[in-house]
Number of protein chains: 2
Amino acid sequence: MDRRILKSREAIVEAFVALMAEKNFEQITINEISERANVSRGTVYLHYTDKFDLLDQCIKSHLVELIESFLPCGATGIFPSKASLLHTFQYLGQHAFFYAAVLANKGVPMFRYRLQAALLRGLDKQIDMNGINRDMNKEMLIQFLTSAIAGMIEWWITNSMPYTDVEVVEQLWALMERNQMVPQPFDKGMTI
Amino acid sequence: MDRRILKSREAIVEAFVALMAEKNFEQITINEISERANVSRGTVYLHYTDKFDLLDQCIKSHLVELIESFLPCGATGIFPSKASLLHTFQYLGQHAFFYAAVLANKGVPMFRYRLQAALLRGLDKQIDMNGINRDMNKEMLIQFLTSAIAGMIEWWITNSMPYTDVEVVEQLWALMERNQMVPQPFDKGMTI
DNA sequence: GGAAGTTTGTTTACTAATGAACGAATCCAG
DNA sequence: CTGGATTCGTTCATTAGTAAACAAACTTCC
């Protein structure tokens, strides 16, 4: 890909996200975006039809990344696994600026919904309905899981990540075990 | 000016200076520069005939800035003044990365010479030969001043600025007063 | 309500940047 | 010495980005 395209897109998105952290989506103008991005206004229209399209593409690409953070280590393991959960929260921590901006921005409702929808799409493909989940209703299991995780994500990001990614995943995993949503740990007193 | 030109030049110079801080000038290639600058190799040749030209333009523009730092507050005051000296060292502190790179780089001799030559050019125009300097030989005065200042600059930068700009100027100014190179302070016991 | 000023989205002609190709020069290992 | 690999400096056709202009749709404020 022509590096000019990548550089322009990157500059525009970066400026846009920075502005979203400062003010509501509605009161952001294309003028501001192009100025902040140090790019001609025409260039913005060259890549995005309007600021709604820009927002949409931003959210889409980030949610694709989020889904990909589930399964970074090749085909190793099935979700839900503690390792893949940790990857996701590590990714979120690295892109907290964006997620905080869209979650907090009053001009961007629906993001919470799209977040959960993305989790659902990602989870649906790779969840293992054998073993522990054999007798569960998949639809309900996924709904429960994605709600829980989305809620944790929203809380963690909007509260400025008050705990480390490891700590959050530790807690979340414990809750999932308690609710029999994941493979149970071996009982310490158990004999084989 | 077309912002593409500014952006390309900026990226190239930034990459070049960063590389100079890492390795000798001779072993820096145009390939490396264009890669680091995230710019096509042809773009480098579009702005600079070769890496010597790049180095030359870098040094030239920085020395112009250095001279301009002498007289930032309009036509206020004559050099040497404590305020203008401070401006110069403030400027140097802000661009220490570049000056450290060229001063330390074994592939860039002559820089010390050009530094002093720039100081000399800047000083020659605005030094006040009346008053305290009435009976001095201008050529020798300027030679003395520029040597002293250039030496201080080189020491300050290559030693990672071990004192603040204010401290350095304080010391330098005291030395200049002691040598009657600047207007003498009013004697505390003096009556008008 | 209406004048003055923004912002929007589109179009224009122009120019800078791109990547690819090329032969020549230079470097370096075998 | 020799042959493979880099780097050099240049050329080329294509494309992305540019500033400027424009009318239309908005705010804002008197």
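Some notes on this structure:
- Between A:E154 and B:E154, the distance separating the two model label sites (each 7 Å from Cα on the Cα→Cβ line) works out to 6.5 nm.
- If R0 is 22 Å, the Cβ-Cβ spacing of B:S147 and B:Q94 corresponds to a FRET efficiency of close to 0.40.
- Measuring r between the beta carbons of A:K138 and B:N31 and using R0 = 56 Å, the FRET efficiency lands at 0.55.
- Ranked by how many other beta carbons lie within 10 Å on average, peptides B:26-35, A:110-119 from highest: A:110-119, B:26-35
- Chain B: most fluctuating residue of B:D53, B:D128, B:D165 per GNM, C-alpha cutoff 10 Å: B:D53
- Taking Cβ atoms as reference points and 12 Å as the exclusive limit, the residues near B:M1 contribute a net charge of +2, counting Lys and Arg as +1 and Asp and Glu as -1.
- For B:H87, A:H95, the sequence from fewest to most other C-beta atoms within 10 Å is A:H95, B:H87.
- Rounded to the nearest 20, the size of the Cβ-charge dipole of segment B:1-48 about its Cα centre is 220 debye, with Lys and Arg at +1 and Asp and Glu at -1.
- Efficiency of FRET from Cβ geometry, B:K7 and B:A117, R₀ 25 Å, rounded to 0.05: 0.20
- 3J(HN,Hα) from dihedral phi, segment A:87-101, Karplus parametrisation 6.51/-1.76/1.60, rounded to Hz, x for glycine, proline: 4, 4, 6, 5, 4, 4, x, 6, 10, 4, 4, 5, 5, 4, 4
- For the peptide B:36-48, the mean number of other protein chain Cβ atoms found within 10 angstrom of a residue's Cβ is 1.
- Each copy carries a label point for B:G151 at 7 Å from Cα along the beta-carbon vector; from one copy to the others these points are 7.4 nm apart, nearest first.
- Length-normalised contact order of segment B:1-127 in % [C-alpha pairs under 8 Å, at least 6 apart]: 30 percent
- Taking all Cα pairs closer than 8 Å and separated by 6 or more residues, the relative contact order of segment A:70-178 comes to 37 percent.
- In nanometres and ascending order, the distances from the A:A174 label point to those of the other copies are 6.1 (point 7 Å from Cα along Cα→Cβ).
- Here is the P(r) of segment A:70-178: all C-alpha pair distances, binned every 10 Å from 0, give 13, 46, 33, 8, 0 in whole percents.
- Modelled spin-label separation between A:R178 and B:N38, with each label point placed 7 Å from Cα along the Cα-to-Cβ direction: 4.5 nm.
- A helix-only calculation puts the protein assembly as shown at -21000 deg cm²/dmol for mean residue ellipticity at 222 nm, using -39500 (n - 2.57) for each DSSP H run of at least four residues, averaged over all residues.
- Anchor A:K125: lysines whose Cα lies under 16 Å away (excluding residues fewer than 8 positions away in-chain): A:K138
A short reminder: the numbers here are calculations on the coordinates, not readings from a lab. Bear in mind that the values here come from a model prediction, so they are computed numbers and not experimental data. Virtual Cβ from ideal backbone geometry, glycine too; neighbours counted across all protein chains shown.
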